[in-house]
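Q: One structure, as structure tokens, below. Some questions next.
Only the coordinates and a few stated rules stand behind these numbers; no lab work does. Predicted model only: the values in this text are computed from it and were never measured. Backbone-built Cβ (ideal geometry, glycine too); neighbour counts: all protein chains shown.
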Amino acid sequence: MNYRRNSLSIILSLILVILSLSSAEAKWWIFGQSEGEVSISYLFINKASFDETGSKITLYKEALPDGKVTITGRAVSGKGKIGSARISLDGKETWNDANLAENGAFEYSFRPELGKTYSIFIEVSDTTGKTNDVAATARQVTLSDRNIMSFIKEALDKMIEAYKNHDPRTFMSLVSEDFAGDKTNLDRAVRKDFSLYDNIDLRYTLNNITSDTRGISVSLSYSRMLTRTSTGQSAKDNGVTEFVFKMGEKGAKVYSMKNPLIFGVSDPSNVATGTVSGGSVNPLETVEKGSRTLVAAGHPPMGFTFVDGQVAAAAGDFQITGGGPGRAYGFLAAGVTRADLGTVSIGSVTEAPATGYSGDPAMGVYLVEGHTYAFKLANGKYGLMEVKTVTEDWTGGGMTITMRFEYKYQPSGARQFLP
Amino acid sequence: MKISAKIRKYCQSKWTGCLFMLLICFVMMGNACPARAANEFHLSNEFNYTYNDISGPGSSQSSLKQGFSYLNVLGINDIGNYKGFDYTFNFGLKLTDDSTNDIKTASITNLQGRITNKVHTLNLGDTFETFSQYALSSAVKGASYRFVKENTYIPEVTLIYGYAYPRWDNAFAIYDGPVKAIARQVMGARIKESLGPNFWAGLSYVQSQDNDRVNTTDSLYLNRAYTMDLEYKPIPGLTVSGEASLSDQKESPGGGGADTTRHGIAYKVTAVGDADPSRVTLEYERISPNFTTLVGSATQDREKAKAKWRYKYTKDVTANFGFLWFRDNLDGQKTQGRTDYYKPEVGLTFKRLLGRPYGVTDVAYKLDIVSNSHSENYNHIGTLNYQDQFFGVLDSDTNLGYTLYDNKISAAERNNEFTYNTSLSSRHTLGMFVLKPSVYLGGWTQRSELVVSSDQIYEYSAGFGLDIPDWKITSSIKAGQNRLDKSVGQDTDKTFAALNINYRPPFLKKLNQGMLFVRAKLNDFVYTNADNNFRETSITAGLIIEL
């Protein structure tokens, strides 16, 4: 297994090194295509590479430097010298000469009109008359008068609608390929969310939108209500969170998300990259938690079930029958194991241990005041429980044990418990 | 300690006061010289008034506020040129009395001034400067300065200073007190050198320092990150980029615990080849367990390798292949050992399959493997999507999905999920009316292999849209039911209805944009335990204007 993992790392590293050192002109990922003698080594439109723009480019008036669109590039010729560089804005109907330098670098600027679409082609020729592959330079450029905020609202509204409708396909189409938490992880996390939650109602108002040339930072306040499919019970929360978007060919796409998450909440450790400073008011946890009290007077024993948070007589993942001040005595249900984490608070435990669990010995178990226990349940999921107090009462002649405790239950099956 | 805290608070409020005054100067600059400046002024305002009625014994579960409430969002944008400098001023204000919209009654949403002559750029207020992923990718309330002289070898220099607050109310309040947040002061510098059009490299230093605990248990951090990033385009269509960062962190825990320090390193290399018919991405990343960035983006304790390949086989057939692997426990300190994640996937998209001119079929298979010394999970995910148009007017979109959660160690965790949904929609023009009927049917079923249990969700709804373009009216109504049937636990039954009407009346024509709208919705929740039942009725009327 280790050999397989190491081999994978080495192979990928080698590929990256070879690529970075490659000076060959062969485009190894283009099957069956060849290079022309006259070519363009780089091409930018307002500093965005043509390689990354896609065939349709939307520019936004408020982000246009000096109100102009500037195309820059550099042409190279295998044998001769570059003699001309021309730009067409109307689908090759008319051509405009670009400023051409000795080394083949060229530049052309124009002031676009709002709402108009420009069909751009670029033709460079060497002194022998050979030209580049003009069709490969085709781009459609539109100047939109919509402000960035309207794109952000549109993207967020679509994401929320898709999330409410349990539609991962539409949702993921609004996520950038470069998503910082990795798009694959987010895809799996939202699918898991859809298994865990139903009736999702999510509303937001924007706090702030700030942009630079590489992205758009968005801060928003949200309010959410949903039904947990594990129990059928509803939960709600609200808070402040942040996103970074990138503008693409089809509008704004999410580049990164911070905790508290509003999407992909079932896998925050892999989806979120960062936490909003002081932004959370009451973040929803995938963990279910609460406090309960067991009161037992011998028989029947009183027990607690993590899955539904219920206290019941003679039933539950653990049950108590007696004990004394500071510790209760009881037993575990079949298939349930526990690990004593010592005198730590339940809030400080962010992960249940993977090992160290033991079942119910013949003599039963003690649950000691101040200790926190991790439980591995019969359904394979994990719970935590901190014994807050254990008191005894002899009123009426018989002993009654009262154990007050706090608990958390992780229905996703993960061992992680958010602080 | 108290004195230093007061000094910090004083400096901070004084600093934000100075910032505010400078931003006012931007406004005055635009207004004082209207004749000389090519000035553009835009104003947008959305006001809405809502009435919510929540009834039933379980009404505390609703996230809505009972009764009347309002929300007003104002945006002002001023763009101009003054003596060769382009300037921009943005201001936003949000007013509401509904705490589910915002915890503040009045809050500034945007406050930004920017002035540039292409060489020097000064930004005040809301500032977003993306240095690099690990170094800085968060907005701050503060200032930045950038020097860039294009077409020369003089390096680009960026300086930034501010506070990483998510909202202006964390810095100062315009009404009913500030919202408390840890004061995370950020300062940084970046120098970027381009050696020709195909290569650039950058060096960044970013420091973030926390002050003013919100809770006594909050930890405060002093974080420094030294980062180098670069990009190289060796041949057309191929981009190789990389980033490496060193971090130092000091953590001061709340409650008087001893300070701790940690040092970490993170690096990544990415290669993207993009030209028809293929796009290939290869990535390797390693982030040590002690690497910390508070204003950048990184996931600690991770080694990751990724490969993606999108290949357009023909104009109608596209294939996607992906493989992601990552693992934790890089320092071997976790008692449970390392966990490896393998996520391969393959997908195919067919257009015009079987001669259907509008038919698009997506089929995909994804596998998630989570493996460590104690457990091994295999999740198999299969999806199928089919979109088509029938009889020239009926659009359909159908999704089928199947997931098998297969735990190799614990049989109790094996279960199946099946999802399905289909929607049909159409559009008809009848005189001056545009009619848009639609129906939706969906479901989700989860079955445990061992326990005889099956949880199911059914949702069905019908909608009808009516547009009257001549009268500038668009409207829609939708109603349906969503039911969760559980073998164990509470069943939930939600009946819902929603109405939207938008109207652009002639008297708002003088404005650039103007719209009146009405939205109404009804949600009726019924649970097995009737004590949880509740009903939400909400109606909102609003006006949007844009100048």
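Q: Given the C-alpha centroids of segment A:205-238 and segment A:69-91, what is the distance between them in whole angstrom?
A: Segment A:205-238 and segment A:69-91 have Cα centres separated by 47 Å.
Q: Can you compute the modelled spin-label distance between residue A:363 and residue A:61, with each label point 7 Å from Cα toward Cβ, in nm?
A: With each label point 7 Å from Cα toward Cβ, the separation is 8.2 nm.
Q: Would you tell me the mean number of C-beta atoms belonging to other protein chains that fall within 10 Å of each C-beta in A:177-187, as a whole number?
A: On the way: counts 5, 5, 0, 6, 2, 9, 4, 12, 6, 0, 5.
Other-chain Cβ atoms within 10 Å of each residue's Cβ, averaged: 5.
Q: While we're looking at this one, here's another question. Would you mind calculating the relative contact order of chain B from Cα pairs under 8 angstrom and at least 6 residues apart, reporting the percent as a whole number? Present the calculation step by step, with values, prior to reporting the outcome.
A: Numbers: 1493 pairs, mean separation 47.5, N = 547.
Contact order relative to length: 9 percent.
Q: Still on this structure, please answer the following. List the residues, sorted by chain then number, that are 5 or more residues from residue A:229 or on another chain and whose placed amide H is less than 5 Å from its amide H.
A: A:197, A:198
Q: Also, I was wondering about something else. Which three extents, in angstrom, do the Cα atoms of segment A:350-396 have along their principal axes, listed largest first?
A: Computed over the Cα atoms, the extents are 43, 28, 18 Å.
Q: To continue, here is another question. Run down the lysines and flag those whose C-alpha is under 29 Å from the C-alpha of residue B:478, throwing out any fewer than 8 positions away in its chain.
A: Straight-distance partners of residue B:478: A:153, A:158, A:164, A:192, A:236, A:250, A:253, B:65, B:436, B:486, B:494, B:521.
Q: What's the local net charge at residue A:244, with K and R +1, D and E -1, over the other residues with C-beta under 11 Å away?
A: Here the count lands on +1.
Q: Could you compute the FRET efficiency for residue A:111 and residue B:157, with r as their C-beta to C-beta distance and R0 at 25 Å, rounded to 0.05?
A: Details: r = 29 Å, r/R0 = 1.17.
So the FRET efficiency works out to roughly 0.30.
Q: Let me ask you something else. Using a Förster distance of 41 angstrom, determine the FRET efficiency expected from the C-beta separation of residue B:187 and residue B:99, and round it to 0.05.
A: Efficiency at R0 = 41 Å is approximately 0.75.
Q: Across the residues of A:188-200, average count of Cβ atoms on other protein chains within 10 Å?
A: On the way: counts 8, 0, 0, 9, 4, 0, 5, 9, 0, 0, 9, 9, 0.
Mean shielding by partner chains, rounded to a whole number: 4.
Q: Between beta-carbons, use under 15 Å as the cut-off and find the net charge around residue B:71, counting Lys and Arg +1, Asp and Glu -1.
A: Around residue B:71, the charge tally is +2.
Q: Now for a separate question. What are the ³J(HN,Hα) couplings of segment B:52-69, residue after residue, when phi is run through the Karplus curve with 6.51, -1.76, 1.60 and θ = phi - 60°? Round to Hz, x for glycine and proline.
A: Ordered by residue, 3J(HN,Hα) equals 10, 10, 10, 9, x, x, x, 5, 5, 6, 5, 8, 8, 9, 5, x, 8, 7 Hz.
Q: State, to one decimal in nm, how far the label point of residue B:531 lies from the label point of residue B:221, with both points 7 Å from Cα in the Cβ direction.
A: 4.3
Q: Let me know the mean shielding of B:485-493 by other chains, meaning the per-residue number of their Cβ atoms within 10 Å of its Cβ.
A: 4
Q: Considering only C-alpha atoms, what is the centroid distance from segment A:320-353 to segment B:421-471, in Å?
A: 48
Q: Here's another thing I want to ask about it. For segment A:148-271, how big is Rg over Rh, using alpha carbon atoms and the Kirkwood form of Rh?
A: Radius of gyration over Kirkwood radius for segment A:148-271 works out to 0.94.
Q: Based on the Cβ-Cβ distance of residue B:400 and residue A:150, what FRET efficiency does E = 1/(1 + (r/R0)^6) give at R0 = 41 Å, to the nearest 0.05?
A: 0.75
Q: Report the net charge of residues surrounding residue B:245, where surrounding means a beta-carbon distance below 12 angstrom and charges are Lys +1, Arg +1, Asp -1, Glu -1.
A: -1
Q: Same structure again: How far apart, in nm, are the 7 Å Cα→Cβ label points at residue B:68 and residue B:501?
A: The answer from the label model is 2.0 nm.
Q: Among all the aspartates and glutamates, which ones have a C-alpha under 12 Å from residue B:180's C-alpha, if same-chain residues fewer than 8 places away are not counted?
A: Cross-link targets: B:169, B:212.
Q: Further question on the same structure: Using the Kirkwood formula on the Cα atoms of chain B, what hydrodynamic radius do you get, in angstrom to one decimal?
A: Roughly 28.9 Å, rounded to one decimal.
Q: Would you work out the relative contact order for segment B:170-254, in percent, from Cα pairs under 8 angstrom that are 6 or more residues apart?
A: 24
Q: Per-residue counts of other Cβ atoms within 10 Å, averaged by peptide: what ranking do you get for B:46-53, A:189-196, A:91-98, highest first?
A: A:189-196, B:46-53, A:91-98
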